[in-house]
1. Can you tell me which of 49-59, 12-22, 351-361 comes out highest on packing, and rank the rest after it, using the mean Cβ neighbours within 10 Å?
2. Which value, to two decimals, describes the C-alpha radius of gyration of the stretch 171-252 once divided by 2.2 N^0.38 Å?
3. Using a Förster distance of 30 Å, how high is the FRET efficiency between residue 251 and residue 156, based on the Cβ-Cβ distance and rounded to 0.05?
4. Tell me, what is the percent relative contact order of the chain, built from C-alpha pairs under 8 Å that lie six or more residues apart?
5. Which length gain, in nm to one decimal place, applies between residue 137 and residue 218 when the Cα-Cα distance is subtracted from 0.36 nm times their residue separation?
6. Pairwise over distinct Cα atoms, reciprocal of the mean inverse distance: report the Kirkwood radius of the stretch 303-391 in Å, one decimal place.
7. Is it possible to state the helix-based mean residue ellipticity at 222 nm for the chain, with each DSSP H run of 4+ residues giving -39500 (n - 2.57), the sum divided by total residues, to the nearest 500 deg cm²/dmol? What is it?
8. Can you give the relative contact order of the stretch 306-396 as a percent, counting alpha carbon pairs under 8 Å and 6+ residues apart?
């Protein structure tokens, strides 16, 4: 047995020296077959094929020479070739056929080296029997791995292709272009509630909404490569307003949801998405886990011209001090006061201070602004926008649009 192992190492060492020749012969055979079949050139596939040949030659020779080496299922290079082949439309039969060509050429070189380097007939026959058995075992394992990888990649690519078709359809649909919407598997009739999702998958959010409402929903979901999710829910007519229905819904830590309003038909499908997109921009700026367009429409409008919004807020609130200072108690007290219907008692409860403290702060603000200015509608708007303006960078580029889907105009 010792002489057999020595003979196998001698054989594989000699064959390894000829890897450049083996590689060229395999490539020549593959090119000849591709030319005969009229296959188009594919540089990416050719590169992956070359890497696979070199990796496979080293792997199979290692397995033949060392009985203790693990039985390699498939190299990373081979798996990459499978992935590229699936994308290029190469069939499994052709992929396995190419692998068998490599195996056949390799065995021819092993035979050649055996007859050249092992003169004893019986010893050569014994070495070749073991080499053949080990090469067969390696080939069998790798072929099985190729089949499994091809099936997995085909399924994944089919899903990706479906998602790409879905995103292309949504792009056209939201842009107002005529398009076949069959790939969406979603009815554009009825009422729609759109949402933008980040930090979670739109599928998980749709399931959570269905469980919260205790009903089966058939939503439309889509995602971009950067992790932004899009969701449309066919909103039941018998249900109440989404904010009321979903107000107590639990949200995963780190997830951010932004909702539009319920709208009707194809145009409503587009409008709700636009609203959700604008609510998402506001929620991102303010760090809100859940944002409703109906609560942030003013802020969404301000984001379309942040320079003008910033100038307006500063002009209205400047007499009260630094609007970006979170410890500015006058601005915070006034914001809570106007948010709660100018109710001083409720404001004191919200701020956890004595009502007299609120009264003192209101008089202080009135002395700085004047009673008439304090009661102008513009002042209440400036207070509302102050938090948003403070949260934006000094030089803001304007509202963000989600990559992958356009924001349709009304």
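1. 49-59, 12-22, 351-361
2. 1.14
3. Computed FRET efficiency for residue 251 and residue 156 comes out at 0.55.
4. 13
5. That works out to 24.3 nm of additional length.
6. Result for the stretch 303-391, one decimal place: 13.2 Å.
7. -21500 deg cm²/dmol
8. Contact order relative to length: 39 percent.
Each value in this text was obtained by applying a stated rule to the coordinates, not by laboratory testing. Remember, predicted model here, so these are calculated numbers, not experimental data. Cβ: placed from backbone, ideal geometry, glycine included. Neighbour counts: every protein chain shown.
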